[in-house]
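Bear in mind that the values in this text are calculations on the coordinates, not laboratory data. On a predicted model such as this, the values are computed, not experimentally measured, just so you know. Positions of Cβ are backbone-derived with ideal geometry, glycine not excepted, and every protein chain shown enters the neighbour counts.
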């Protein structure tokens, strides 16, 4: 069994790029952008406060 | 099925169903989420990709598709080459040609509980020579000890039970077969009001049960314990 946590290589960069995309998505409906901004802020909070993480797991059946 | 054209201020029927499911979850809340997101979400990191990517840089648009591909390739290369492989929760099948290219499976089976995703991904499934199977990750429609590798990319937190999914993996894998997944875990429970609100909102928006919030240690323990 191998478990690797890698939020720094997954969540953090994804949040950064999503924030950039959202800032430039001026053609998307305003309601969707507002909802996305709220959700993004929440995920960012959960990540910055080290509440969520990302893992890779490999296991072999005996 | 891609979302219908916007009905009102950009909100579609799929968005309305998703919103309703946040109040009262139906039998397949993940389906409502991904129907709402559709196959062409304006926030997708790379077209057609639903995973968060495995990055080498800080998160730039120029690396996005490579990061999404790197996630899938990293997980796939942990499986035996040339075997019978199960891809559980395969999204829009964007990953299946890459899995096929990475490990040249003798047979690749893509299991997804969300039939519209299987339909939306049919060209990519064909490209990967993958067999689409509508099915539940916790009740895999697969015979015992017939699979050499199971891959699941950023989907397990949507399954009704990780333990039940791991038990099914144990059942369908041959001795020596491998499981390779990526997943989202919690490190600690939210404490402050802001953290609690954020956590509960994310659970509802993404159609998740509270029981699916597990630490890496709990997830590993579940994977290590057969039924």
- Rg to Rh, two decimals, where the range B:169-227 supplies the alpha carbon set and Rh follows Kirkwood: 1.10
- Item | Shielding by partners, peptide B:181-191 (average Cβ within 10 angstrom, other chains) | 5
- Query: Where does the Debye-calculated log10 I(q)/I(0) of the range B:97-159 sit at q = 0.29 Å⁻¹, using only Cα point scatterers of equal weight, no solvent?
  - Reply: -1.49
- With each pseudo-label sitting 7 Å past Cα toward Cβ, what's the residue A:16-residue B:144 distance in nm, one decimal? 5.0 nm
- Query: Roughly how many whole Å is it from the C-alpha centroid of the range B:137-177 to that of the range B:45-79?
  - Reply: 23 Å
- Expected integer from the mean partner chain Cβ neighbour count at 10 Å over A:41-51 is 5
- Note on the structure: Rounded to a whole number, the mean other protein chain Cβ count within 10 angstrom for residues of B:174-180 is 4
- Query: Just how far, in whole angstrom, is the range B:193-218 from the range B:99-117 if you go by their alpha carbon centroids?
  - Reply: 28 Å
- The simple spin-label model distance between residue A:2 and residue B:188, using points 7 Å out along Cα→Cβ, in nm, is 3.0 nm
- Taking 0.36 nm per residue of separation and subtracting the Cα-Cα distance, what length does fully extending residue A:49 through residue A:25 add? 5.9 nm
- Message: Can you give the FRET efficiency to the nearest 0.05 for residue B:104 and residue B:215, using r as the Cβ-Cβ distance and R₀ = 22 Å?
- Response: 0.05
- In Å, what is the Rg of the alpha-carbon atoms in chain A, and how long is Dmax? 15.5, 53
